[in-house]
Amino acid sequence: MSKTNIDLVLMEPIGTIHPNIYGHFVEHLGGVVYDGIWVGEDSSIPNIHGFRKDLVEKLRAIHPPVIRWPGGCFAETYNWRDGIGPREERPTTVNWWYNNDGLYESNAVGTHEFIEFCRLVGAEPYFALNATTTTVLEGRNWVEYCNMPKGSTTLAKLREKNGSAEPFGVKYWGLGNENWGGGGAMTPEDYCNVYRKYGIICKSVYPDGYYIACGANDAIPDWTLKFFDRYRQMYTEGRIPPMSGYSLHYYVSNLGDLGEETRYTDEQWYETLRRAWGIEPFIVRQIEMLNAAWPGNNLGLIVDEWGLWELYYGKNALPGRHLFAQETTMRDALVAAISLNVFNNHCDRVHMANAAQLVNCIQSLFLSRGEKFVPTGTYHVFDMFKDHQNAQAVRSLVRTDAISYGFGGMDQTVDTISCSASVKDGVLNVSLVNLSIDRDQEVTLDLSGGEYASEGSLTLLAGVDDKDANTFDEPERVIPRTTKLSASGRTLTVTLPKASVGCVSVPVMQ
Ligand code: AHR
């Protein structure tokens, strides 16, 4: 057993953890929508208005704040008009991902259905608007259709005819997706011009919208520099498109070098987790670029796609699986926990994050196949972290050993313990990840600026083996277990098993 010391500095709040950091992503891709969230009203699978009942109930329980839809890449060929009106009259179209799995898009789930799903699970919708293959007018029309008051315009009346007199109040609008790639392969300058038009016109119909520009991923971090050069130029000329948020995408892509979903070496385990933690320097660098380009800006960073993409090179769906559906082991659970810790620790700038994707895909919280359904380790991590929502994040100073390993002919290191902490209603919540694949870790939590007030709890998510996963046959192989913790004074020590996620929850006096 090795040891880690963490100082929790209660009087140094980082900021409020925006609940939207615990957001999700649903794309019309493989089995995410059809079979994942939607089974149809006539299905023998228990459902609520067509949505898989088990999923709705489980998701609701973890307080999902926001869900991004309908893509991803899919968004950039989506015509929102295909997904409204009587379902039997909706067109069948070629899905963006058709060449990967041969599936057509039935459009059975469209705007009204997705809003219904959000209401069932208690989340806000975040719509990604097509900024590549449609017109600014049609983009604006979707905003109008969703948000204009009852009876006001012809599109509002059409919404009423389709079942919703009251507006949906969709606040979050992403104007494009990955416009450097699948979204039109634009240059940052081209996209900035496109953004300007969509932003100004959408705002003209819905001034209260939270408009989000497409930003960089880790392969093209400098997109941000060029995009904001152009933006600043527009700004000085007085042609100012509204922007509340700027999006980032970050995947840990398994190009085969990280082993297979349930078969990897210790070195591949550490390298996966090191790359997951690499989201932190990526975010920090992006903040620096933003601040340099636009001093004093208060843009929210929106990490609207993140996760461990195991089958990155698996261009086609595997037999018996949905496209990109991956088995998720403790390795995925640790990637989720490390990522959420990073978002909590940067909550002063990260205002939303969306795990890609909710079900039957990359880093999923659920897997389904017809009648079969199972929550994954990633689901349990979201459950264990949910009390951070709306809490005050506090600084944690971690003294832990670095783990050394060799990878690809290089010497690498990664810290043993990842941590984030927050206080809400007098309760301290500390989330810990033990990255060591073979050693338990004794972690001492020292409070600065307060004392432990009473008994608390420790919740642990740990497999017997790091490759343990929840499967349809064994749905509870990896589930959190909670024990009581006695705590008083300023110091508390817990033991984290190897390859585990732990959450400490204790009332504190400040
Ligand atoms: O999440 C899968 C895909 O990854 C999304 O459609 C796209 O935005 C990204 O490249």
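Place a label point 7 angstrom from the Cα of residue 187 along the Cα-to-Cβ direction, then list the residues of the stretch 220-235 whose backbone nitrogen is under 14 Å away. Those under the cut-off are 223, 226-231. Converting phi to 3J(HN,Hα) with the Karplus coefficients 6.51, -1.76 and 1.60 and the offset θ = phi - 60°, the stretch 424-430 yields 9, 6, x, 10, 8, 10, 10 Hz in sequence order, with x at every glycine or proline. In a DSSP loop and with at most 15 other Cβ atoms within 10 Å, the GluC sites (Glu not before Pro) in the stretch 4-59 are 41.
Just how large is the dipole of the chain about the Cα centre, in debye to the nearest 20, putting +1 at every Lys and Arg Cβ and -1 at every Asp and Glu Cβ? My answer is approximately 1260 debye.
Cross-link pairs exceeding 23 Å between alpha carbons, from the set 58/484; 386/484; 150/197; 150/171; 3/424: 58/484; 150/197; 3/424. With the simple spin-label model, which puts each label point 7 Å out from Cα in the Cβ direction, the residue 474 to residue 457 separation comes to 2.6 nm.
Simple rule: put +1 on each Lys or Arg Cβ and -1 on each Asp or Glu Cβ in the chain, find the dipole, and look at 367, 45, 1; the Cα lying farthest toward the positive end is 45.
The distance between label points at residue 267 and residue 44 comes to 5.1 nm (points 7 Å beyond Cα on the Cα→Cβ vector). With the alpha-carbon atoms of the stretch 1-79 aligned to their principal axes, the span from lowest to highest coordinate is 55, 32, 28 Å, starting with the largest. Stretching residue 166 away from residue 425 to a fully extended chain increases their span by 89.7 nm, per 0.36 nm per residue minus the current alpha-carbon distance. Take the Cβ atoms of residue 57 and residue 371, set R0 to 22 Å, and the FRET efficiency comes out at 0.90. Calculated mean residue ellipticity, 222 nm, the chain: -7500 deg cm²/dmol, from DSSP H runs (n ≥ 4) at -39500 (n - 2.57) each, averaged per residue and rounded to 500. Subtracting the Cα-Cα distance of residue 510 and residue 220 from 0.36 nm times their residue separation leaves 100.0 nm of extension gain.
The GluC sites (Glu not before Pro) of the stretch 206-261 meeting both criteria, a DSSP state outside H, G, I, E and B (loop) and at most 11 other C-beta atoms within 10 angstrom of the site's C-beta, are 237. Neighbours of residue 367, meaning other residues whose beta-carbon lies under 14 angstrom from its beta-carbon, give a summed charge of -4 when Lys and Arg score +1 and Asp and Glu score -1. A simple charge model with +1 on the Cβ of Lys and Arg, -1 on the Cβ of Asp and Glu and nothing else charged puts the dipole of the stretch 250-316 at about 200 debye relative to its Cα centre. Extension gain, residue 197-residue 137: 0.36 nm per intervening residue step, less the Cα-Cα distance, totals 20.6 nm. With the cut-off at under 18 Å, measuring from each backbone N in the stretch 158-188 to a point 7 Å along the Cα-to-Cβ line of residue 229 picks out 180, 186-188.
With a simple spin-label model that places each label point 7 Å from the Cα along the Cα-to-Cβ direction, the separation between residue 157 and residue 12 comes to 6.2 nm.
Taking a point 7 Å from the Cα of residue 240 along the Cα-to-Cβ direction, the residues of the stretch 170-196 with backbone N closer than 16 Å to it are 196.
For the chain, the pair-distance distribution built from all alpha carbon pairs, in bins 20 Å wide starting at 0, is 23, 56, 21, 0 percent.
Read-outs: derived from the displayed coordinates by stated rules, not from any lab. Every value quoted in this text rests on a predicted model; they were computed, and no experiment measured them. Using ideal geometry, Cβ is built from the backbone for each residue, glycine included, and neighbour counts are taken over all protein chains shown.
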